[in-house]
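What follows is a set of notes on a single structure, which appears directly below.
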Amino acid sequence: MLNESGQYAECISIASNSTTKATKSKLDIAIDKAQEKLLSLQDKDGFWVFELEADCTIPSEYIMMMHYLDDINEELQAKLANYIRTRQSEEGHYPLFAGGEGDISCSIKAYYALKMAGDLIDAPHMQKLRAYILDQGGAAKANVFTRIALATFEQLPWRGVPYIPVEIMLLPKWFPFHLDKVSYWSRTVMVPLFIICTYKAKAINPHNISIRELFLIDPDKEKQYFPKRTFLNKCFLALDKFGRMTRPFISKKMHKSATDKADAWITERLNGEDGLGGIFPAMVNSYEALILLGYPKDHEHVITARKAIDKLLVINKDDAYCQPCLSPIWDTGLAAMALQEADKHRNCQSLTKAYDWFKTKQLSDEPGDWRIAKPEIDGGGWAFQFENPHYPDVDDTALVAFVMADADLPGLEESIHRATRWVVGMQSKNGGYGAFDVDNTNYYLDEIPFADHGALLDPPTADVSGRCAMLLAKAAQNHAEYLPALERTINYIREEQEQDGSWFGRWGTNYIYGTWSVLIGLEQTDIEKTDPLFTKAASYLKSVQREDGGWGEDNKSYYDIKKYAGKYHFSTSFQTAWAVIGLIAAGEVSSPEVKAGIDFILREQQADGVWNDECFTAPGFPKVFYLKYHGYDKFFPLWALARYRNELKK
């Protein structure tokens, strides 16, 4: 198809006519090495996808799922258990990210999974882990999701979990709680849980593995499963108690209607072999809920749901883990951005393949939950995963549409403007952008008993809004109809800037990420570089540069801003790249700070052309769930080096 269109031939011609210096600089050599390595990792279909790693909760849950169903793959279980063992901290606990504090819920699931895999409770690593859990108050202090899992294994009573009956499906929209009022990830996780909790799912647990030794008192006598926090929280707990009392009065007809509605909701969104919501917790919950509803194990929906889960596995020679989801759209957009910066003409063929693949993944008139709030706008977004049509991602859409607009390649205009119109339509009232939903700001819902994780909502954030500003400014160069939305976004960004000049990073760690995300967006606008938006942000980035010339920020900054914001005990290549690109966007290419950052990136490059950052790079949900994008140290440093070289040439 591409040869017929002449695009590949044009790319080859352009590349062959480009001149190359007889003697390359160290910077050029580093860029070439990184570029060639990244190109070699492109799939034949045009995309890039890198591993996405989380903490030990998910591999532990995979083992628990096998025991829940009595479907145990012993070889896989052994590899998953080996992965879990090697991630235990020296103190005995399990953190949510490398170097983090212990997390009781993750530690409980890891303990249970290892015990299921055959580890003896008097083994040293199990003794240390148990001591940590008991010191934290025991398994009764686990979060809601962990307590639900323990209830299905009959380790604690069902009264120890929130009352989330399937009849929630019948609540009217005016009711204080409604599915439409929470984020996409909350909806996809909760609806299957309505089934699991209402029907009081019971694990097969073939080896009858128990963890009663993790409770300080008998779990049946425990009374503190729901500590009271605020007045509003106490009100919701009272409603929880009232709901349990009125349960016997729900008619069979109402119960069946609610169950049927939940069933239909799940099956409509099963999303083939990419799974409900494209995320592991929703996939596992839906898989178990379908079986609980009576679907036979050989039913198409059940088989497909299990395949979706298993596609997330990363199986190595000695260990294995399960990814929380797949990230091809995000990875491909960022890889394309880096390659475009490195050499737009030389990489034309590879980029054209990527954009042709993007066009096959762009959404149009498919059903989507976002249409509930915005039924009047046409589709045009991209998801985060290979397939997830009900839940396109605003952040990914802004990135992909921008990099297409910046490519100067034919045949992309229609995709760019379909995406831009969709992004404009997804703007929240305050001018900012959430990741998936519009005006998802019902903050009172964070006080319901189910929401102890604090990640129920998807409000607008500065980092996503920065990328949307980047697209809107680029597209508005020839389409003035995007300017009002851009102006509202800039006003939102201005309001969100911190006193020190930074911006909070919701989807990347943390203030370095947020500040970089906003600066590359503002760079596309006509705002003067003397504006405090730029000058204060640049001053902030300079203030947190480390002595080695690099930048690094710990996920602990989500817990203690004053102590950890912009700071880490070592520099990372990708965070250094963010800071360098951000400073260049602010007009600081000639500053000594940028030069020092570039020198750090050059020093840290490996022989194979890429970098090796052994740390978690982003929050899935701050204070709850963190991620390591294995692609970040492959495209961000390349992008920074290329951007620096190109700006110096100007």
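Some values worked out for this structure:
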| read-out | value |
| --- | --- |
| Hits in the stretch 354-372 (condition: crowded, with 19+ Cβ neighbours inside 10 Å and either of a type in the set (Val, Ile, Thr) or in a loop (DSSP other than H, G, I, E, B) (or both)) | GLN362, LEU363, GLY368 |
| Test: residue in the stretch 284-303 that is more than 30 Å from HIS178 (Cβ to Cβ) and aliphatic (A, V, I, L, M) | yes |
| Answer residue from the stretch 140-175, given it is in contact (Cβ under 8 Å) with a residue 60 or more places away in the chain, closer than 23 Å to ALA264 by Cα and part of a loop (DSSP other than H, G, I, E, B) and is nearest to the chain's Cα centre (by Cα) among those | ILE164 |
| Qualifying residues in the stretch 437-457 (those that are at pLDDT below 95 and among the acidic types (Asp, Glu)) - the one surrounded by the fewest Cβ atoms within 10 Å (Cβ to Cβ) | ASP446 |
| Of residues in the stretch 58-77 being of a type in the set (Val, Ile, Thr) and either under 10 Å from ALA110 (Cα atoms) or in a helix (DSSP H, G or I) (or both), the one nearest to the chain's Cα centre (by Cα) | ILE58 |
| The stretch 83-110, subset among the polar types (S, T, N, Q) and in a helix (DSSP H, G or I), residue surrounded by the most Cβ atoms within 10 Å (Cβ to Cβ) | SER107 |
| Residues satisfying the stated conditions in the stretch 615-650, i.e. assigned to a loop (DSSP other than H, G, I, E, B) and under 22 Å from the mean Cα position of the chain (by Cα) | CYS615, PHE616, THR617, PRO622, LYS623, VAL624, HIS630, GLY631 |
| Failed item in (1) touching a residue at least 40 places away in the same chain (Cβ under 8 Å); (2) part of a loop (DSSP other than H, G, I, E, B), with ASN491 passing the rest | (2) |
| Search result, residues across the stretch 104-140 that are of a type in the set (D, E, K, R) and within 29 Å of PRO162 (Cβ to Cβ) | LYS109, LYS115, ARG130, ASP135 |
| Output for the stretch 382-440, where each listed residue is of a type in the set (Lys, Arg) and assigned to a loop (DSSP other than H, G, I, E, B) | LYS429 |
| Any hit, the stretch 477-486, residues being modelled with pLDDT of 95 or more, surrounded by 23 or more Cβ atoms within 10 Å (Cβ to Cβ) and of a type in the set (D, E, K, R) | no |
| Subset of the stretch 580-612 (residues that are under 30 Å from ASP103 (Cα atoms) and either modelled with pLDDT of 90 or more or crowded, with 24+ Cβ neighbours inside 10 Å (or both)) | TRP611 |
| Residue match in the stretch 120-133 (condition: within 28 Å of ASP633 (Cβ to Cβ) and buried (at least 23 other Cβ atoms within 10 Å of the Cβ)) | no |
| Test for LEU80: is it touching a residue at least 24 places away in the same chain (Cβ under 8 Å), crowded, with 23+ Cβ neighbours inside 10 Å, assigned to a helix (DSSP H, G or I) and assigned by TED's automatic domain parsing to the domain that holds ILE209 | yes |
| Test: TYR492 is among the aromatic types (Phe, Trp, Tyr), modelled with pLDDT of 95 or more and surrounded by fewer than 24 Cβ atoms within 10 Å (Cβ to Cβ) | yes |
| Positions within the stretch 518-533 being in a helix (DSSP H, G or I) and either polar (S, T, N, Q) or in contact with a helix residue (DSSP H, G or I) (Cβ under 7 Å, 6 or more places away or on another chain) (or both), in sequence order | VAL518, LEU519, ILE520, GLY521, LEU522, LEU533 |
| Out of THR530, THR509, THR535, THR489, sole residue that is more than 28 Å from ASP408 (Cβ to Cβ) and within 23 Å of the chain's Cα centre (by Cα) | THR509 |
| Lone qualifier among ALA151, ALA140, ALA131 - being touching a Pro at 6+ places or on another chain (Cβ under 9 Å) and modelled with pLDDT of 95 or more | ALA151 |
| Sole residue being modelled with pLDDT of 95 or more, surrounded by fewer than 20 Cβ atoms within 10 Å (Cβ to Cβ) and assigned to a loop (DSSP other than H, G, I, E, B), chosen from ASP32, ASP45, ASP28, ASP55 | ASP45 |
| Some residue of the stretch 250-270 being hydrophobic (A, V, I, L, M, F, W, C), in contact with a strand residue (DSSP E or B) (Cβ under 6 Å, 6 or more places away or on another chain), part of a loop (DSSP other than H, G, I, E, B) and not assigned by TED's automatic domain parsing to the domain that holds PRO392 | no |
| Tally, over the stretch 561-579, of residues that are part of a helix (DSSP H, G or I) and either buried (at least 24 other Cβ atoms within 10 Å of the Cβ) or not assigned by TED's automatic domain parsing to the domain that holds ALA642 (or both) | 7 |
| Some residue of the stretch 199-212 being crowded, with 18+ Cβ neighbours inside 10 Å, among the polar types (S, T, N, Q) and within 21 Å of ALA113 (Cα to Cα) | yes |
| Single residue of the stretch 496-517 satisfying the filter (part of a loop (DSSP other than H, G, I, E, B) and among the hydroxyl-bearing types (Ser, Thr, Tyr)) that is modelled with the lowest pLDDT | THR509 |
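Each row is one residue, and each column tells you yes or no for (1) among the polar types (S, T, N, Q); (2) closer than 20 Å to GLY505 by Cα.
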residue	(1), (2)
SER428	yes, yes
ASP437	no, yes
TYR444	no, no
GLU447	no, no
LEU457	no, yes
PRO460	no, yes
SER465	yes, yes
CYS468	no, yes
HIS479	no, no
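The values are calculated or read from the model by the stated rules, or taken from the named source; none is laboratory data. This is a predicted model, so every value here is computed, not measured. Glycine gets a Cβ as well: all are built from the backbone with ideal geometry, and neighbour counts include every protein chain shown.
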